[in-house]
2 protein chains.
Amino acid sequence: MNITDIDPASSALLTDLYQLTMLQAYFDRGMHDIAVFEFFARKLPRNRNFLVAAGLEQAIDYLEGLRFTEAELDWVARHGAFKPDFVDYLAGLKFSGDVHAMPEGTVFFPDEPILRVVAPLPEAQLAESRLINLLNFQSMIASKAVRCVLAAPGKLLVDFGMRRAHGAEAGLLAARASYIAGFDGTATVLAGARFDIPLFGTMAHSFIQAHDDEAQAFEHFARSLPQNVVLLIDTYDTEAAAEKVAVLARRLLHEGIVVHGVRIDSGDLGEHARKVRKILDDNDLRKVTIFASSSVDERKIQALLQDACPLDGFGVGTHMDTSSDAPYLDCAYKLQEYAGRARRKRSEGKATWPGRKQVYRQLDAQGRMRGDILTLEQDVQEGVPLLGPVMRGGRRVGTAPSLASVRARLRQEMGQLGDALRSLDQAPAYPVTVSPALRGLAEEVDQKMA
Amino acid sequence: MNITDIDPASSALLTDLYQLTMLQAYFDRGMHDIAVFEFFARKLPRNRNFLVAAGLEQAIDYLEGLRFTEAELDWVARHGAFKPDFVDYLAGLKFSGDVHAMPEGTVFFPDEPILRVVAPLPEAQLAESRLINLLNFQSMIASKAVRCVLAAPGKLLVDFGMRRAHGAEAGLLAARASYIAGFDGTATVLAGARFDIPLFGTMAHSFIQAHDDEAQAFEHFARSLPQNVVLLIDTYDTEAAAEKVAVLARRLLHEGIVVHGVRIDSGDLGEHARKVRKILDDNDLRKVTIFASSSVDERKIQALLQDACPLDGFGVGTHMDTSSDAPYLDCAYKLQEYAGRARRKRSEGKATWPGRKQVYRQLDAQGRMRGDILTLEQDVQEGVPLLGPVMRGGRRVGTAPSLASVRARLRQEMGQLGDALRSLDQAPAYPVTVSPALRGLAEEVDQKMA
């Protein structure tokens, strides 16, 4: 296989060059002892009261499949910086470590690791770039999408964003992450095919434009795809099109074809929705739903619904698939222990908590989340530990949970969040307490380094 | 091949469901006449005075390879909405059309098409989602990255962003788009291997942390990779580390190993750079360069350089790879003509200019860009036409230009931009005039629709 044909999603070369140069140096010095790396967010983005863990399944797949192909080894050998015996070593490299993680769909907060890798140093090091790439993206999207879900209880929410997602994989995985967050489905066909996510979609403006007559376009579509008739009505004049839909819907009903809904994609969505609702109701079409798209995000959805607009669902695209108000998480994957000794980075503003950590979550009497304790793995605290084993000796532990069960977990966690945290507005910070045991270890490490 | 093994980058199913439902309806009605679609931006994002066209090569590759595999056809057949004869038709579908485009590396402005597809309606329709996905992303990244280039003349600029790019393809293509924009290279190995982009990178904090002694970590690295010694000095105490580097560099020099540079990744980059420069200079290490990373973007780079900080280069990561201040373009791919008749969408705030269009660029006597004219293809105007043929009958015209030539084109265009447009601050809008011929056609189309 040529290097240009390699799927980047699983390529060992989808990493930063410094991982390979460090591996060369580790190889030269025989530094193969066990390292512990953890992935966590340093702080919350603006406009987020919590984050949602997602991307773990792809991270596990990546680690299970991590090895260098012939074409990749050839490239490394030809690059110039690397020695032949090191290339031979890479040929046999695979991930043999253990991984603990929070299940996908778990709510998490700054400094809390959602993934811990325990593996020989080179293996854990090499995986850094792609693990961050996977966990940052899906966690970011799930954290954005769940805000739409909180803003639109009982409404149909569909991911419309693949076209402005950042590339092919972003489009696919945004569909997955938003489905985890509680979206009803996606428009992205390959995401439906690959992840078994419900698919939605009917027509674009070009379909209307390609016909000489809008009403005829509606009828052609309804006759070709009678199971799912949702008609796009804003190509020329939204209310005029709604009148055409009304005439058509009543006529087709006699033939057993049901018009399910209309979609509005421009203008003042609330105002159009009211006028269109009235036109439909006046024609006794109360069951025909109104679906809105056009640059909506959680705030626009909330504003429309607080204004009691008669909208039944939303296509959320660009703003969700790019997490446009927070298009990255301030997250990191850091070495916390090597060769049995805790390690700590002390860079200004980027210091880390050393050692293997666990997070305990405590609920109050009403079952609401009261606070988390960040502590060392062996320091048992009250509450529920959030990280559990997901890989052992380089292999997945158990089977992957279904997306349905991941959705259910997050839905349950949403019920445990306090009202302030569930709000779209900024809430007081959720209490995450660093345990005395962990503080003690950090001081100890600092003293040794001083 | 199983559906889960398909590379999404080339999958015919990486599209929106509505493309397939529309194709079913087109098939049922025999609507296979020639359609003209154009891709353009509706307006500039905040903080952008112009955009840079990029992503065309991947768009052409996609169109050339567009067909349904057995696994994809099986999926379509099983979905339920599609008829068996339509699935048979999809089995034979491929892209047979013509494409005109602005070359990659061309500066463009709102309403100017950078790509025009002329093909039987179903072929041009099916490709919409992925074409937008490809052109939006790379154009957005090139438009962001070129601002870094404008802010840092003569400095080394390296893409560090794969880990926070949105997925695998975004990381790869951000490296490509930023290289087009004038970056010197990337840290992303697969981008180097696939696109022949120069690679940069040496060590992470974990390398330092895995050693018990920072000075020893530096020495181990320098001895393992003596061709490219850039040492990361902010893990514990930046200036203390610079002193260690100075001692080491002088010692290694006797053995013929040259320390090329140091990297600072936290704290006040300008203040550290000054102190570190002094330490290096005092040790007669004037050629050792200082490279900065840590959340830099074009504004931070400009501020540091205007403050005359002794920085020789920058690793630009998250902010560029996500285009964090503008993580999407307001862009579209719209039907402008079908079956020989011009078409026009009139949705509020989203109306389009009909017909097959060309853009003419006019330079003033000093060779600076004076203004563009947006007109119909056959309406020849003064100036240089920006769109040219890139595909004919479904095949690429000529060979793909090298990335070096694309970089050179953009460098030349940067020289033609007025100073206000080259500024990071908002400039008066560049004049794009709609020709009388195009205005006339728009009115004609409106009258026919009225």
message: Between helix A:56-65 and chain A, what is the angle of the helix's C-alpha long axis to the longest principal axis, kept within 0 to 90° and rounded to the nearest 10?
response: 50 degrees
Peptides ranked, highest mean first, by Cβ atoms within 10 Å: ranges A:324-336, A:210-222: A:324-336, A:210-222
task: Provide the per-residue ³J(HN,Hα) series for segment A:118-125, in order, calculated from phi with Karplus coefficients 6.51, -1.76, 1.60 and θ = phi - 60°, each as a whole number of Hz, with x at glycine and proline positions.
output: 10, 7, x, 2, x, 5, 5, 5
task: Please list, in chain and number order, the residues 5+ apart from residue B:363 or on another chain whose amide H is under 5 Å from its amide H, with Hs placed from the backbone.
output: B:370
- request: Quick one: angle between helix B:238-253 and the longest Cα principal axis of chain B, in degrees between 0 and 90, rounded to 10, please.
  value: 80 degrees
- request: Mind checking A:4-14 for the average number of partner chain beta-carbons within 10 Å of each residue's beta-carbon?
  value: 6
Bridge type composition, the protein assembly as shown - antiparallel percent by DSSP, nearest 5: 65 percent
- line: With Cα springs under 10 Å, the Gaussian network model of chain B assigns the largest mean-square fluctuation among B:178, B:206, B:405 to B:206
- prompt: Where the label is 7 Å out from Cα toward Cβ, how close does residue B:368 come to the same position in every other copy, in nm, shortest first?
  reply: 6.2
field: 10 Å Cβ neighbours from other chains, averaged over peptide B:343-353
entry: 6
- request: Using the Cα centre as the reference, give the magnitude of the dipole from point charges on the C-beta atoms of the protein assembly as shown (Lys, Arg: +1; Asp, Glu: -1; all else neutral), rounded to the nearest 20 debye.
  value: 660 debye
message: I want the local charge near residue A:8. Using Cβ-Cβ distances under 11 Å, sum +1 for each Lys or Arg and -1 for each Asp or Glu among the other residues.
response: -3
- prompt: Under 5 Å between amide H atoms, partner at least 5 residues away or on a different chain: which partners does residue A:345 have, H built in plane at 1.01 Å?
  reply: A:352
message: Using a 10 Å cut-off around each Cβ of peptide B:289-295, what is the average number of partner chain Cβ atoms that fall inside?
response: 1
- prompt: Among B:78-88, B:187-197, what's the highest-first ranking by average C-beta atoms within 10 angstrom per residue?
  reply: B:187-197, B:78-88
message: In whole Hz and in residue order, list the ³J(HN,Hα) couplings for segment B:430-446 that follow from phi through the Karplus curve 6.51 cos²θ - 1.76 cosθ + 1.60, θ = phi - 60°; x for Gly and Pro.
response: 5, x, 10, 9, 8, 5, x, 4, 6, 4, x, 5, 4, 5, 4, 5, 4
query: Can you list, shortest first in nanometers, how far residue B:256 lies from the same residue in the other copies, with each label 7 Å from Cα toward Cβ?
result: 8.8
statement: Between the Cα axis of helix B:168-180 and the main Cα principal axis of chain B, the angle (0 to 90°, nearest 10) is 80 degrees
- prompt: Between segment B:269-302 and segment B:132-208, what is the C-alpha centre distance in whole Å?
  reply: 21 Å
query: Nm distances between the label at residue A:398 and the same-position labels in the remaining copies, 7 Å along Cα→Cβ, shortest first?
result: 5.9
- request: Grab the other residues whose beta carbon is less than 13 angstrom from that of residue A:197, score K and R as +1, D and E as -1, and report the net.
  value: 0
query: Tally Lys and Arg at +1 and Asp and Glu at -1 over the other residues with C-beta under 11 Å from the C-beta of residue B:240: what net charge comes out?
result: -3
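Using just the helices of chain B, give the 222 nm mean residue ellipticity in deg cm²/dmol: DSSP H runs with n ≥ 4 each add -39,500 (n - 2.57), and the total is spread over all residues, rounded to 500.
Helix-only estimate at 222 nm: -12000 deg cm²/dmol.
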statement: Taking Cα pairs closer than 8 Å and at least 6 residues apart, the relative contact order of chain B in percent is 21 percent
query: Using a Gaussian network model of chain B with C-alpha springs under 10 Å, which one of B:233, B:290, B:279 is most mobile by mean-square fluctuation?
result: B:279
- line: At the level of C-alpha centres, the distance separating segment A:357-384 and segment B:349-422, in angstrom, is 60 Å
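Rule-based calculations on the coordinates, nothing more; no lab input. As the structure is a computational prediction, the values presented were derived from the model and not from experiment. Quick reminder, even Gly has a Cβ in these numbers, built from the backbone with ideal geometry, and neighbours come from all protein chains shown.
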